[in-house]
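Novice: Here's a structure for you.
Laboratory data are not the source of any read-out in this text; all were calculated from the coordinates shown. As the structure is a computational prediction, the values presented were derived from the model and not from experiment. Here the Cβ is made from the backbone with ideal geometry for all residues, glycine too, and neighbour counts use every protein chain on show.
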Amino acid sequence: MEEVLVSNNFLFSILFICVFFLTLFLLPRIRQNSLKLKLYDSPNHRSSHTNRIPTLGGIAFYISLMFALFYSQLFEENKNIVVLIFSITITFFIGLKDDLHNLSARKKFLGQIIAVAILMVNSDYRMQSFHGFLGVYELNKFVSVSFSMFLILGLINAYNLIDGIDGMASIVGIVIASSFGFLFYKMDMYYYLAICITLVSTLFAFLRFNFSPRKKIFMGDTGALVVGLVLGMLALKLLSLGINNFSTLEISRKGVPLLMLCILIVPAFDIARVMFIRLNRKSSVFSPDRNHIHHILIDSGLSHKRASVFVGFINIIIIILMFYSIKYFDIITSIMIFLFINLNLIMMFFIMNKNFQTRRTKVRFRNLLFHIMSILYIKKKKKAIKLDKITFNQKLKKIRILFF
């Protein structure tokens, strides 16, 4: 058994090194050809860069994944590689077409649906039971396919949306893939572990150029959509596993959906927050703005690298905290902890947001606080008087500093 483990570890090390250097070899050549063909991203009012940057880094991702998928057949028993290759390839060409000619949102989404529908052919990539989470057990086939497609399509687009500053999507992708890889490693599922290692290795190599001031390249939709699809596939695979698979992790199967949500907290939190803001303002959910968490962080004075590392660090802390919470506490307590974490994240980014519309919301919120505290003050003093506004503002000076 130990000899097999050592052999596998050696193969995984070789895979990581090969993919890393393959990506390092491909990216500068893709960048050079992109510049020659004038295939680059021109900055606009929402951009976080001022120069024209090539956007086809995702081509290296696709090539590395294809290489790794054929390599990782050594560990696959069910031979699911054909379905996965078809789905990834369709997603790749959708992203490539969008990077080259700017596909409409409708056509791009339709292409994503086709790619994900192909993935749904294989029952290994469908969530067929909640295993008692929130009192839900087996799902019928229609609900299973619909819910699984909704999850993976949501993740593809959520991951694409966080690709707004240098390093953000890469670091978040590394954290997510590493977390999935740890779970697959503990469950001896080496085929999926190999895919996780490929993503981590590719994204690490990509960071070398994404952070470079002179050799910069973006992953573009070509890369973001492919990585989002693969991460979604890995998440669904974990969600589709039975109770016995998680015995080695010593965690309750009921807590696995919550653990998946914590691992994917950055793209999930960002897209939920942005969609809520857009719906609250009665604008289109597809209309671009600067309310994403990476916009808030760089508008607060952080560099791209520091903002990306900060988000990745927060993601790691939440994953570790929730993993041990699910392991040692009941599911209700874990959900309460998760909600408390999200409440703090909402407040943190609300306070940090300097957007004009958000400042108006803060004013309304402060006025509501004034009204509530006035009522409480009157009841406490038992006098029918109004709280002096100057006195109130003095008492809330620290809160006002935080908000503005």
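Novice: Return the sequence-ordered ³J(HN,Hα) values of region 264-280 in whole Hz as given by the Karplus equation 6.51 cos²θ - 1.76 cosθ + 1.60 applied to θ = phi - 60°, using x for Gly and Pro.
Specialist: With coefficients 6.51, -1.76 and 1.60, one gets 9, 4, 5, x, 5, 5, 5, 5, 5, 5, 5, 4, 5, 4, 5, 5, 5 Hz.
Novice: Rounded to whole Hz and in sequence order, give me ³J(HN,Hα) for region 32-39 from the Karplus expression 6.51 cos²θ - 1.76 cosθ + 1.60, θ = phi - 60°, writing x for Gly and Pro.
Specialist: 4, 5, 5, 5, 5, 8, 6, 9
Novice: Given labels modelled 7 Å from the Cα in the Cβ direction, how far is it in nm from residue 182 to residue 250?
Specialist: 1.5
Novice: Quick one: which residues, 5 or more positions from residue 129 or on another chain, have an amide H under 5 Å from its amide H? H modelled 1.01 Å from N in the peptide plane, none for Pro or chain starts.
Specialist: 139
Novice: Sticking with this structure for a sec: Select from 241, 178, 264 the residue farthest towards the positive end of the dipole of region 168-288; place +1 on Cβ of Lys and Arg, -1 on Cβ of Asp and Glu, and compute about the Cα centre.
Specialist: So the residue we want is 264.
Novice: With label points built 7 Å along Cα→Cβ from the Cα atoms of residue 14 and residue 89, find their separation and express it in nm.
Specialist: Each label point is offset 7 Å from its Cα along the Cβ direction, giving 2.6 nm.
Novice: Kindly flag which residue pairs out of 107/216; 97/216; 141/237; 97/141; 186/305 have an alpha-carbon separation exceeding 27 Å in this structure.
Specialist: 107/216; 97/141; 186/305
Novice: Using Cα centres only, tell me the gap between region 314-338 and region 88-139 in whole Å.
Specialist: 28
Novice: Note the full-extension length gain between residue 280 and residue 71 as 0.36 nm times their separation in residues minus their Cα-Cα distance, in nm to one decimal.
Specialist: Here the segment from residue 280 to residue 71 would lengthen by 70.4 nm.
Novice: Can you give the extra length, in nm with one decimal, that the chain gains between residue 36 and residue 208 once fully stretched, where that is 0.36 nm per residue apart less the Cα-Cα distance?
Specialist: Values: separation 172, 0.36 × 172 = 61.92 nm, distance 2.14 nm.
Full-extension gain reported as 59.8 nm.
Novice: If you don't mind, another one. By how many nm would the segment from residue 150 to residue 138 lengthen if fully extended, with 0.36 nm per residue of separation less the alpha-carbon distance?
Specialist: 2.6 nm is the gain from fully extending residue 150 to residue 138.
Novice: Let's test the formula: R0 of 45 Å, r as the Cβ-Cβ distance of residue 82 and residue 351. What FRET efficiency results, to the nearest 0.05?
Specialist: 0.35
Novice: So if I place +1 on the C-beta of Lys and Arg and -1 on the C-beta of Asp and Glu, and nothing else carries charge, what would the dipole magnitude of region 194-254 be about its Cα centre? I want it in debye, nearest 20. Before the final figure, lay out each step's value.
Specialist: Details: 7 positive and 2 negative charges, 47 e Å.
That gives a dipole near 220 debye.
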